[in-house]
Each structure stands twice: as C-alpha cells, then as structure tokens.
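**Student:** Dropping the structure in here first, questions after.
The values are calculated or read from the model by the stated rules, or taken from the named source; none is laboratory data. Please read all numbers here as calculations on a predicted model, not as lab measurements. Reconstructed Cβ throughout: ideal geometry from the backbone, glycine too, with neighbour counts over all protein chains shown.
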Amino acid sequence: MKPSLKRLALFLVVAGATILLAIYLQTRLYRVMDSNDRRFVTLMGILNDKKHDNVLLFGDSRGVLGVDTKVVKARAGFDVPMYNLANFSQSLYQSSYFYGMIEKNTKMVVQCTSPEFFATDEPHRMPEVKAIPMYLSGYRANEQTKKLIPDYNRFFDKPAIDGYFECREYFRNYITTAIRPFFDNERYNQSLMMDKYFPHIYIDQKSPNYPVQQTGCAKYQLSKYPKTQIAFLKKTKAYFDSKGIEYVIILMPINPDDCNDHALASAKTKEMLERETGIRVVDLTSLLPVNDFYDAVHANHHGAAVLSNTLGDSLQKRRSVKM
C-alpha cells in the first residue's frame, strides 16, 4: 500500500474512532454539564432503586419550584422518604413515561399539574426534543411503559449509536446554561437543580421581571371534553391499583395576577376528574396570594413553604381516611 493511502486509511480510522468516542461520551457529558434537563439523572437514580420504599412526586416546574418533599413527608406522616421527581416542562404525559418503572416499593404517586392540562382534548404525544435528554440519562421504554402508552415515542427504540448521534444537538443546551449567568438578571443557585427533595434554584422572593401580564382564566376552563386524558388516567389508575399504589392528582396554585377567579378555573375540572376517573384530586389552585409567587407561574420560597405544608396536610388526611 502506498504511504499516501496508508495515511488516508489511518486518518479515516482515527477520525471514525474519535467520532464514535464523542458520540458515546455524550452520556458522560450530560451527567457533568449543567442543564435543566440533567434532573433526569436524579429521576433515573431514584426510579432504578427497587430496594427501598418511597413516595414519589411528579410534575412540571410548578413542582420543581413549589414542593419541598421533606416538608410534605413530615406533615403527612409518611414513614418512607418522599422524592421530588418534577422537572421543567414535564407535563403529566411526559411524567407518565416513568410510571412503567414504578414498582411496589412505591407507596404513593403524587402527580402535580395545572387545570390547563385538562382544558381541551390533547393527544398523548411527546416531541423528540423532550425525549433526547431522557435518552441521554439512560431511559428506555420498558414493556410496562409500552403497554401503558402504546403510541410511545419510538426515539427510545433507537440503538445506542443512532440515538446518541441524534442527541448531538443537545450541546447547545450546555452552552446556553453556561452563558446564562452573564446575561440573566435573576439570582439562582444552579447546584440545587439535582436536589431530590426541593430543587428551587431561585434565591429572591420575586422575579426582577415581575409584574406579569394577566392572560385571564379562559385557558384553564374546560372548552372541550379531554377524552384522551380521561382514558389515559383510567388506565393509569387501574395500573397503579394492580400494584397497590395510590395515585393522587394535585391541581397546582394559580397566580391571581394571571387568573383571579380560581373557582371558575378549577372547580369543574376537579369534579370532572374525580367523577370520570375515580382518582383523588386535591385542588390547591386558590391557595397562594400574589405575594407568594416568584413569577407568573411559580411559587417563591415562602409560597413553596405554604404549598408544601398544605399538600402534606391534604395527603395526611387522605391516609387517615384510608386507615
């Protein structure tokens, strides 16, 4: 073989090996680089532990910033740890991808959501952009998940080489998070992002970008019967009932600056969900005044303390009724 061809072959081998190494190193990078979605590492660590009993809380950023599960545990009188598995932009549908990993060592699943999720019929879909960080965390759809969500995102079926290559665009998330402190006027403690109990990263009680523009209550009101959500929740209840796990839905607080008629926003939703699914629903939409909100949607530290105590009381009452 000519020297030039040898050099070309060597270059191709080294380049190919470097690309493969970079692709597979993405899972390592994901675990060490700061990003909002790195919380999936925390979720997977807890869900993979089948030896210890627990209570699990899921939800979106309202749960991330609003619930201190150590406070809830103490107030409710749970004799097992309670973990906060909420994540930013994690809807009930995305949370449900983790339901298939839950076994009998979990005593209760608490799902936080907004009445807005039930305002109209929504198909059970998860965009690929949300699947990518889950895939990087090691998540794959198991058989129980596939039965619970037949139309699950097929991204989770990709072989590692293909899946990790598709995840390459996630590098932009690392860059965005890294430069955030230089351009953001909010004070926060990023190290709390991975906390298992209360990952509230904002330091101040009020966002510097407040006040918010009131959008009104219409988006929270039932405009179309949510048949897809109802059908899925019935299936979810049966799934957890078969494992002896209680499933509870929490309608999270609404900022009065956004909607000042909470009864209009949530009363019909709570009644409909309990009637149609048989699931226990705790309505906390009217719990917090404006001063207890950090921004348009999320509780500040004082609001989170009020919310956590009240949630604990509600779950304790439920346990008392069951006993």
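**Student:** Using beta carbons and a limit of 8 Å, which pairs, at least six apart or on different chains, have the first residue in the stretch 213-238 and free of Cβ contacts under 8 Å to residues at least 60 places away in the same chain and the second one part of a helix (DSSP H, G or I) and surrounded by 18 or more Cβ atoms within 10 Å (Cβ to Cβ)?
**Tutor:** Listed by first residue and then by second, the contacts come to CYS217/ALA265; ILE230/LEU273; ILE230/THR277; LEU233/LEU273; LEU233/THR277; LYS234/THR277; LYS237/THR277.
**Student:** Same structure, new question: Looking at this structure, is ALA15 in contact with a Lys or Arg (Cβ under 9 Å, 6 or more places away or on another chain), surrounded by fewer than 19 Cβ atoms within 10 Å (Cβ to Cβ), at pLDDT below 95 and not in a loop (DSSP other than H, G, I, E, B)?
**Tutor:** Criteria not met by ALA15.
**Student:** Take the residues in the stretch 101-138 that are aliphatic (A, V, I, L, M) and in a strand (DSSP E or B); name whichever of them is surrounded by the fewest Cβ atoms within 10 Å (Cβ to Cβ).
**Tutor:** Here the residue is MET108.
**Student:** Further, regarding this structure: Only residues that are crowded, with 20+ Cβ neighbours inside 10 Å and closer than 18 Å to ARG62 by Cα: list them for the stretch 213-227, please.
**Tutor:** TYR220
Listed here are the residues, each with its yes/no results for (1) surrounded by fewer than 18 Cβ atoms within 10 Å (Cβ to Cβ); (2) not in a helix (DSSP H, G or I).
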residue: GLN229; (1), (2): no, no
residue: THR236; (1), (2): no, no
residue: TYR239; (1), (2): no, no
residue: PRO253; (1), (2): no, yes
residue: ASN260; (1), (2): yes, yes
residue: LYS268; (1), (2): yes, no
residue: GLU271; (1), (2): yes, no
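**Student:** Just to be sure before I move on: is ARG62 in a helix (DSSP H, G or I), loosely packed, with under 15 Cβ neighbours inside 10 Å, modelled with pLDDT of 65 or more and not small (Gly, Ala, Ser) in the structure I sent?
**Tutor:** No.
**Student:** Can I ask one more? Looking at THR236 and the list (1) at pLDDT below 95; (2) more than 30 Å from ILE201 (Cα to Cα); (3) in contact with a helix residue (DSSP H, G or I) (Cβ under 8 Å, 6 or more places away or on another chain), which single condition is not satisfied?
**Tutor:** (1)
**Student:** I'm checking my understanding of the structure. Among residues of the stretch 187-212 that are modelled with pLDDT of 85 or more and either of a type in the set (A, V, I, L, M) or not in a loop (DSSP other than H, G, I, E, B) (or both), which one is surrounded by the most Cβ atoms within 10 Å (Cβ to Cβ)?
**Tutor:** Among those residues, the one meeting the criterion is MET193.
**Student:** Additional query: Tell me which residues, restricted to the stretch 131-149, are closer than 23 Å to GLN229 by Cα and either among the acidic types (Asp, Glu) or at pLDDT below 90 (or both).
**Tutor:** GLU143
**Student:** Tell me which residues, restricted to the stretch 177-198, are in contact (Cβ under 8 Å) with a residue 12 or more places away in the chain and within 14 Å of SER35 (Cβ to Cβ).
**Tutor:** Listed by number, the residues that qualify are THR177, ALA178, TYR188, GLN190, MET193, MET194.
Table: residues versus (1) under 30 Å from LEU284 (Cβ atoms); (2) without any contact (Cβ under 8 Å) to a residue 12 or more places away in the chain; (3) charged (D, E, K, R); (4) in contact with a Phe, Trp or Tyr (Cβ under 6 Å, 6 or more places away or on another chain).
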residue: PHE78; (1), (2), (3), (4): yes, no, no, no
residue: PHE98; (1), (2), (3), (4): yes, no, no, no
residue: MET134; (1), (2), (3), (4): yes, no, no, yes
residue: GLY138; (1), (2), (3), (4): no, no, no, no
residue: PHE156; (1), (2), (3), (4): no, no, no, no
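Condition check ((1) within 30 Å of SER223 (Cβ to Cβ); (2) charged (D, E, K, R)) across all residues:
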site	(1), (2)
TYR99	yes, no
ASN105	no, no
SER114	yes, no
PHE117	yes, no
ASP121	yes, yes
HIS124	yes, no
ILE132	no, no
TYR135	no, no
GLY138	no, no
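**Student:** From the list SER207, SER223, SER191, which residue is under 19 Å from LYS270 (Cα atoms) and among the polar types (S, T, N, Q)?
**Tutor:** It is SER223.
**Student:** Can you name the condition, by its number, that ASP49 falls short on among (1) part of a loop (DSSP other than H, G, I, E, B); (2) buried (at least 16 other Cβ atoms within 10 Å of the Cβ)?
**Tutor:** Against the list (1) part of a loop (DSSP other than H, G, I, E, B); (2) buried (at least 16 other Cβ atoms within 10 Å of the Cβ), ASP49 comes up short only on (2).
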